[in-house]
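Q: Here it is, the structure in full.
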Amino acid sequence: MQLRNLLRKIESYNKNADFELIRKAYEFADKYHKNLKRASGEPYIQHPLNVAFILAEFKMDTESIVAALLHDTVEDTPASLEEIEKEFGKEIRELVDGLTKLNQIKSKEIRDAESIRKLFLATSSDIRVVIIKLADKLHNMRTLEYLSEERRKTIAESTLEIYAPLASRLGMYAVKAELEDLAFKMLHPDIYETFLKKFSNTKKERENDIKKIKNIIEKKLEEQKIPARIFGRPKHIYSLYKKMIQKKRTFEEIYDLVGLRIITDNVKHCYEILGIIHNEWTPIPKEFSDYIAMPKQNRYQSLHTAVMALNQPVEFQIRTEEMDKVAEEGVAAHWKYKGLEIKDKSFDKKLLWLRELLRIKKEKLPTQEFNDFLKTDLFGDEIYVFTPKSEVIALPKGSTPIDFAYAIHTDLGDRCTGAIVNGRIVSLRHELKHGDIVKILAQKEPKPKMDWLKIVKTTKAISKIRKFFREHEKILVSKPKKTEAIKEEISKSLFIVDNMAYKTKIAQCCNPLPANKVVAYLNGRIYTVHNENCSSLDSKDKSKIKPCSWNNIKNFELTLNILVKERIGVLADIINTIASTETSILKAVAKKPVKERAQIMITINFEDLEHLKEIISRIQKLMGVISIGLEPKF
Ligand code: MN
C-alpha cells in the first residue's frame, strides 16, 4: 500500500478533504515508526496506512483518516500528545488520545466481555474513536498469520467476544462479519475449510434457485412499477456455524438456506414488496419482523420475512437504500453525509440518532450528558459504576449503594451504612449513575434493614437481605411473647408491617390490591391489611394501626376472588386473560351464581408484584368484572 492509493481513494468520495494535512500525518507517522517493523517484516507504517484506507472505504472524514495514520505513534514511539496538538490541532489530539486510552483498558481486570464493550463506548467521548479502533482491529486480524499460534488464538478470542459485538452494536455489520470470519478461521481452521468447500460445491444450485425466485419477484415489481434491486444475500461462514450450533442442525440442513435482499426507494414500497412476497408464497409463521416500525437499538431498519418457495425456506430482507447503508456501515455511514445538504426530510429523521452523535461532538457536551445519552441509547437498562480500584460493576438502572455493596460482597452489603459517590457522601437511597465511582461506608456488625427491600434493585441484594432476616428471625421466633403479633418469614409474607414480616390477613371490607397504599391493624395477634383510606379504620384504636407496604415477593401463590356479572364464557375469558400473562393457574372454581352474580376463585402463581398488578389490571378490563379481591390460596 502506498500513500497515493489512500489519497486516490479519499478523492473518489471527498474532493474537499484536507490532503495537505493527511500527507503531513503520513510523514509524521512514517518518521516516528521509521525503524519499526511489523511481525510480517514490512515497515510499520503499512499498518496505520492500511487502517486509514479501511476508514476511507467507509468514506470517513479528514480527521478520522489523520487520526488513523497517527493512532500508534503516542503509544509506541517518542511522539507526544502535545506535539500532535501542535501539528494537527485539538480535535485530532483528542481522537489519538482516545485511541491510546482504549488500548490501556486491559481485559484482565474486567472479566465480563460485555462490560469491556460498554466501557469502550462510555470512555470514548467521540464515537469516531471506536470506529477507528475497529478499523485498527480489522487490519490486525487480516495480518494475524505472522504471530505465534498462541497469540493468534488469544487475539481471535477477544475479537469474537469484544470487537465483533461492538461492531454489531454500532450497526457496522460488514465489519462484524469480516472480523468473525477471520477469528473463526483462526480458532477452527479445519471447520472453516470444510464449510468453505461445502459452500462452494453447492453454489451453482443455490444460485439457480436465487435466479428463479428473483425473476418471479422482478416481474411482479415491474407490473406494479416499484423500483428495486434484488440480490442474493452474502452469508458469512461464522453465522452459519453459529446457526448450526444454536439450532442443533447439521451443516447440510443450514448451508443451503437461500437469502435474498431487496432494496427499494421508499418505506411504502418496502411494505408493498412484502405484500407481493406473502401473496406469492406461503409465509413461515413467526419469521416475520418489522424493524422499520420498530428499529433495533442501533437503528437498524428492515423488514424480515421467510417463505416457502421452491420447496425450501427462503429468507428476505426488504429495506430502502438509506436503511441498507446504515445496516452495512452503521454509525460510519453518517460521515458520508457530513457537510452535504440532505434534501429528503424523512431520511434526515432516520439518521437522527447518528446526527445526535455529531451534535454532541460539535457542542462538546459535558461527559456526563454524553454518558447519559449512551446509556439510554446503547446500554438500555444497565449502568456501569466503578470501585475505587477502577473495577467495573454492572447494575440495573436505579440501583443504590446497597445493591453495589451486595454486588461486591454479601458481608459488605450486610454492614453498609452509607457511601461516598464521586467524592461526596450520599445516603443509601441515592440512585447510582453511569460512570460513578463508589466507595461503601460500613460498620463492624451486620445490620441490614427490612426497609432496604423497598429500594434495592438487584435480586442478589433482595435475596441476601431476606436470608439475613430468615436466619435472624429464627432466633426471635424461638422465644415468642404471648402478647406479641405472630411473625412470619419474610419470603412468605405479602406485606411488610412496621419494617418486619408478620402474619397478615387481607381485609374483606376494602379489598386492597397491589396498586393501593395500605396500613395494618393489629387484631389479636394477627395484622389485618386495609386500604389506607378504609372507613372501617376510623373507629379503630389508632395505636394499633401500623405502617405497612407490599413486599416485593417472588414466586408466590394466592387466590383471586373475582365477582362477575353472569354471562356465557366469562370464566373462559378470565382464564384466557390470565394465561396470556404467562401465569400458571393452579386451581379455578366458579361458584353457583346468585342474583346473576357469580364468584370465581382462581389460584395462581405470580412471579413478582409487577406481574400480579399486570394480571389484575387485565382482568379488570374484562366485560362484566365487578370486583377483585386477594385471598390466601385455597
Ligand atoms: Mn494499531
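The values are calculated or read from the model by the stated rules, or taken from the named source; none is laboratory data. All of these numbers come straight from a predicted model, not from anything done at the bench. Here Cβ is always computed from backbone atoms with ideal geometry, including for glycine, and neighbour counts include all displayed protein chains. To get the accessible areas, we keep the full protein, side chains included, count just its heavy atoms, and leave off ligands, DNA and RNA. Shrake-Rupley method; radii C 1.70, N 1.55, O 1.52, S 1.80 Å.
Q: Please find, within region 133-155, the residue that is farthest from the ligand (Cβ to nearest atom) out of those that are polar (S, T, N, Q) and either open to solvent by 70 Å² or more (accessible area, probe 1.4 Å) or modelled with pLDDT of 90 or more (or both). Working first, answer last.
A: Let us first name the residues in region 133-155 that are polar (S, T, N, Q), namely 140, 143, 148, 154.
This time we only want the ones that are either open to solvent by 70 Å² or more (accessible area, probe 1.4 Å) or modelled with pLDDT of 90 or more (or both), so: 140, 143, 154.
Numbers: Asn140: 6, Thr143: 11, Thr154: 16 Å.
This residue is Thr154.
Q: Could you tell me whether region 44-62 includes any residue that is closer than 15 Å to Ile22 by Cα, at pLDDT 85 or above, in the same structural domain as Glu20 (by TED's automatic domain parsing) and among the small types (Gly, Ala, Ser)?
A: Scanning region 44-62, I find at least one residue that is closer than 15 Å to Ile22 by Cα, at pLDDT 85 or above, in the same structural domain as Glu20 (by TED's automatic domain parsing) and among the small types (Gly, Ala, Ser), so the answer is yes.
Q: When you scan region 19-50, how many residues do you find that are touching a residue at least 60 places away in the same chain (Cβ under 8 Å), open to solvent by less than 50 Å² (accessible area, probe 1.4 Å) and either among the polar types (S, T, N, Q) or within 15 Å of the ligand (Cβ to nearest atom) (or both)?
A: Final tally of qualifying residues: 5.
Q: Taking the residues in region 209-235 that are part of a loop (DSSP other than H, G, I, E, B) and of a type in the set (Lys, Arg) as candidates, determine which candidate is nearest to Leu144 (Cα to Cα).
A: First, pick out the residues of region 209-235 that are part of a loop (DSSP other than H, G, I, E, B): 224-227, 233-235.
Narrowing further to those that are of a type in the set (Lys, Arg): 225, 233, 235.
Working: Lys225: 49, Arg233: 28, Lys235: 23 Å.
Among those that are part of a loop (DSSP other than H, G, I, E, B) and of a type in the set (Lys, Arg), it is Lys235.
Q: How many residues does region 545-579 hold that are touching a Lys or Arg at 6+ places or on another chain (Cβ under 7 Å) and open to solvent by 50 Å² or more (accessible area, probe 1.4 Å)?
A: Counting residues in region 545-579 that are touching a Lys or Arg at 6+ places or on another chain (Cβ under 7 Å) and open to solvent by 50 Å² or more (accessible area, probe 1.4 Å) gives 4.
Yes or no, residue by residue, for (1) among the small types (Gly, Ala, Ser); (2) crowded, with 18+ Cβ neighbours inside 10 Å; (3) touching a Gly at 6+ places or on another chain (Cβ under 8 Å):
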position	(1), (2), (3)
Tyr406	no, yes, yes
Leu428	no, yes, yes
Pro448	no, yes, yes
Leu453	no, yes, no
Lys467	no, no, no
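Q: Does any residue of region 194-208 turn out to be under 12 Å from Ile273 (Cα atoms), in contact (Cβ under 8 Å) with a residue 24 or more places away in the chain, open to solvent by less than 70 Å² (accessible area, probe 1.4 Å) and in a loop (DSSP other than H, G, I, E, B)?
A: No.
Q: Can you pull out the residues in region 80-96 that are surrounded by fewer than 18 Cβ atoms within 10 Å (Cβ to Cβ), free of Cβ contacts under 8 Å to residues at least 40 places away in the same chain and in a helix (DSSP H, G or I)?
A: Correct list: Leu81, Glu82, Glu83, Glu85, Lys86, Lys90, Glu91.
Q: In region 430-446, how many residues are under 26 Å from the mean Cα position of the chain (by Cα), open to solvent by 30 Å² or more (accessible area, probe 1.4 Å) and of a type in the set (A, V, I, L, M)?
A: Summing the residues that are under 26 Å from the mean Cα position of the chain (by Cα), open to solvent by 30 Å² or more (accessible area, probe 1.4 Å) and of a type in the set (A, V, I, L, M) in region 430-446 gives 1.
Okay, residues lined up against (1) small (Gly, Ala, Ser); (2) modelled with pLDDT under 85:
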{"position": "Asp381", "(1), (2)": "no, yes"}
{"position": "Tyr384", "(1), (2)": "no, yes"}
{"position": "Glu391", "(1), (2)": "no, yes"}
{"position": "Leu412", "(1), (2)": "no, no"}
{"position": "Gly423", "(1), (2)": "yes, yes"}
{"position": "Arg429", "(1), (2)": "no, no"}
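Q: Same structure again: Quick one: Gly259 ticks every box in (1) touching an Asp or Glu at 6+ places or on another chain (Cβ under 6 Å); (2) without any contact (Cβ under 8 Å) to a residue 24 or more places away in the chain; (3) surrounded by fewer than 18 Cβ atoms within 10 Å (Cβ to Cβ) bar one, so which box is it?
A: Of the numbered conditions (1) touching an Asp or Glu at 6+ places or on another chain (Cβ under 6 Å); (2) without any contact (Cβ under 8 Å) to a residue 24 or more places away in the chain; (3) surrounded by fewer than 18 Cβ atoms within 10 Å (Cβ to Cβ), the odd one out for Gly259 is (2).
Q: Kindly indicate the residue of region 63-79 that is farther than 30 Å from Glu328 by Cα and either open to solvent by 10 Å² or more (accessible area, probe 1.4 Å) or not assigned by TED's automatic domain parsing to the domain that holds Ser12 (or both) and also farthest from the ligand (Cβ to nearest atom) among those meeting that condition.
A: So the residue we want is Pro78.
Q: If you check Lys592 against the conditions, is it part of a strand (DSSP E or B), more than 21 Å from Met500 (Cβ to Cβ) and not aromatic (Phe, Trp, Tyr)?
A: no
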